[in-house]
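Beneath this line is the structure, given in structure tokens, with notes to follow.
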Amino acid sequence: MDITTFMIAVYCLIEDFLADRRLRQRGPQPTLRDREVLTIEVVGEFLGIDTESNIFAHFCRHYSDWFPGLRQITRTTFTRQAANLWKVKQELWQRLTQRIPHDPYLSIIDSFPVPVCRFARAPRCRSFGEVAAYGHDEVARQTY
């Protein structure tokens, strides 16, 4: 699948998801539609572009004819609008994970050690006592 077909498919998927929803209760409509912002973010992340500023610059440079509202707004406006759509992105993600077949008893979790308390106080520390465990980080050469 080429990037053009992928972008159209993502836009159609988001359009179907938001078809019966009214995202804005009051105020003026934004220059760039919320569906377009979500599409730009999803496709940008798929392309491996990690920051909002790089996503905005890439789509302004290559796809401004697809999204004409991009020419009229600034990067900060785009970033603010994208950040305000966090709840919609979360609901979209939950709906997509329900549509993907998977075994609910088998899950792969990618994680890294988080220092909750210092190892010197570990025997006395009660924070997250029922779920915390000791571990050794080879890279940082520390015991957590």
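Could you tell me whether the stretch 46-66 includes any residue that is free of Cβ contacts under 8 Å to residues at least 12 places away in the same chain, exposed (fewer than 15 other Cβ atoms within 10 Å of the Cβ) and closer than 30 Å to Arg141 by Cα? Within the stretch 46-66, one or more residues are free of Cβ contacts under 8 Å to residues at least 12 places away in the same chain, exposed (fewer than 15 other Cβ atoms within 10 Å of the Cβ) and closer than 30 Å to Arg141 by Cα. Residues in the stretch 58-115 that are polar (S, T, N, Q) and over 16 Å from Leu32 (Cα atoms) were compared, and the one that is modelled with the highest pLDDT is Gln90. For the stretch 8-19, the count of residues that are under 19 Å from Trp93 (Cα atoms), loosely packed, with under 15 Cβ neighbours inside 10 Å, assigned by TED's automatic domain parsing to the domain that holds Gln94 and touching a helix residue (DSSP H, G or I) at 6+ places or on another chain (Cβ under 8 Å) is at least one. Among the residues of the stretch 68-79, not a single one is of a type in the set (Gly, Ala, Ser) and either at positive phi or free of Cβ contacts under 8 Å to residues at least 24 places away in the same chain (or both).
Of the residues making up the stretch 10-53, those that are closer than 22 Å to Ser64 by Cβ and small (Gly, Ala, Ser) are Gly44, Gly48, Ser53. Within the stretch 47-59, at least one residue is in contact with a Leu (Cβ under 9 Å, 6 or more places away or on another chain) and among the aromatic types (Phe, Trp, Tyr).
Selection of the stretch 15-43 for residues being within 16 Å of Ile55 (Cα to Cα) and aliphatic (A, V, I, L, M) yields Leu32, Val37, Leu38, Ile40, Val42, Val43.
Where helices (runs of 4 or more DSSP H) fall wholly inside the stretch 1-99, the ranges with 2 or more residues that are of a type in the set (S, T, N, Q) and in contact with an Asp or Glu (Cβ under 9 Å, 6 or more places away or on another chain) are 75-84.
The values are calculated or read from the model by the stated rules, or taken from the named source; none is laboratory data. Values in this document were obtained by computation on a predicted structure and should not be read as measured data. Note: ideal-geometry Cβ built from the backbone for every residue, glycine included; neighbour counts use all protein chains shown.
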